[in-house]
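Everything on this sheet refers to the single structure shown next.
Laboratory data are not the source of any read-out in this text; all were calculated from the coordinates shown. Given the structure is predicted, the values throughout are model-derived calculations rather than measurements. All Cβ positions, glycine included, derive from the backbone under ideal geometry; neighbour counts span all protein chains shown.
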Amino acid sequence: MIRIVTIRRPTGLLGGVLALLALGLNLIFGVIDVVWIAYADIVMCGMYVIYFLYVEYGVPLPLAFLIAIASIAALGVVVHLLIIAPVLNSAPINQLLATGGLLFFLQSFATLLFGTDFRNIGVRLPILEIATLYISFARLIAFGVGLVGAILLYLFLKRTYIGTAIRAIAQDRDIVGLMGVDQRRIYLVTSAIGGALAGLAACLLSLQYDVHPHIGNTFGPVIFMICVLGGLGNMIGGFIASFIISQIIAIGGYYSNTELSYVLAFTFFIVLMFVRPRGIFAR
């Protein structure tokens, strides 16, 4: 028998959300060759957009989600134009300092504007109870959205001209430039897609977590661990690694507590780095 019960707050960082963020970050790195250290904090911006639109201004939640996705996609373009483009040909340490500086700026600016209060949109999601098995709607939604997002991104990269150009630049940007492809335009499109994926992840996270200026610190390190584990720039590897890590965290949390589950995940990551320094799925 299946019955629906309501819980106050779903727990666990969902594999679908991790997959979306890993896809976005790997796409940006694979094409632009710059790691966005502040990627998780861009997600935080999306969560604030959803909170204020839905809670403070009464915008319907689906519309608030769409506005947040579009806003964070636009923010991705702005980040590229103002932060990434000026250091694109600089040394990696300069790129790291630029994106790391953006991280601290976003956290500090959010603290200045909104304080350190934890804000929740107040949406309570039910769970399914099937015999002794409990399945959260949030997990199902996140898994489904992550899978659909990955398929749509794959089709976009495989079936469209811009997608083909993105893949070509990721493989050899020098030759693509000689073929007349507008690299600047491709970089902007890639940044917008990466931002949109971050906005979509913000929609899913806002259903489960309170938003505050340092929410990015909660899952940001896990996202980078997943990207390195799957092979930086390898979107398929990152997608698979996200579900591997999420299962380790879920199993550890089931038998012990959340803190220990993250310790297990990072221990697994460190051990594998000795075996496969470039990632499990690195070419």
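Kindly provide log₁₀ I(q)/I(0) values, in the same order as q = 0.12, 0.16, 0.17 Å⁻¹, from the Debye equation applied to equal alpha-carbon scatterers of the chain. Log-scaled intensity ratios, in q order: -0.76, -1.34, -1.49. Based on Cα atoms of the stretch 88-198, Rg over Rh with Rh as the Kirkwood radius reads 1.12.
Ordering S71, S206 from the fewest to the most neighbouring beta carbons within 10 Å gives S71, S206. Longest stretch of the chain clear of exposed loop sites (chymotrypsin sites (Phe, Trp or Tyr not before Pro), DSSP loop, at most 16 other Cβ atoms within 10 Å, sites excluded): 119-283. For the chain, the longest principal axis of the alpha carbon atoms and the long axis of helix 258-275 meet at an angle near 30°.
Using the alpha-carbon atoms, what tilt in degrees (0 to 90, nearest 10) does helix 183-206 show relative to the longest principal axis of the chain? Here the helix axis deviates by roughly 10 degrees. Approximating the spin labels as points 7 Å out from Cα along Cα→Cβ, the M179-to-Y161 distance works out to 1.3 nm.
Relative to the dominant Cα principal axis of the chain, helix 15-32 is inclined by about 10°.
First measure r as the distance between the Cβ atoms of V271 and A250, then evaluate 1/(1 + (r/R0)^6) with R0 = 22 Å and state the FRET efficiency to the nearest 0.05.
0.70
For S136, the residues whose amide H sits under 5 Å from its own are L128, ignoring neighbours fewer than 5 places away on the same chain, with H placed 1.01 Å from N.
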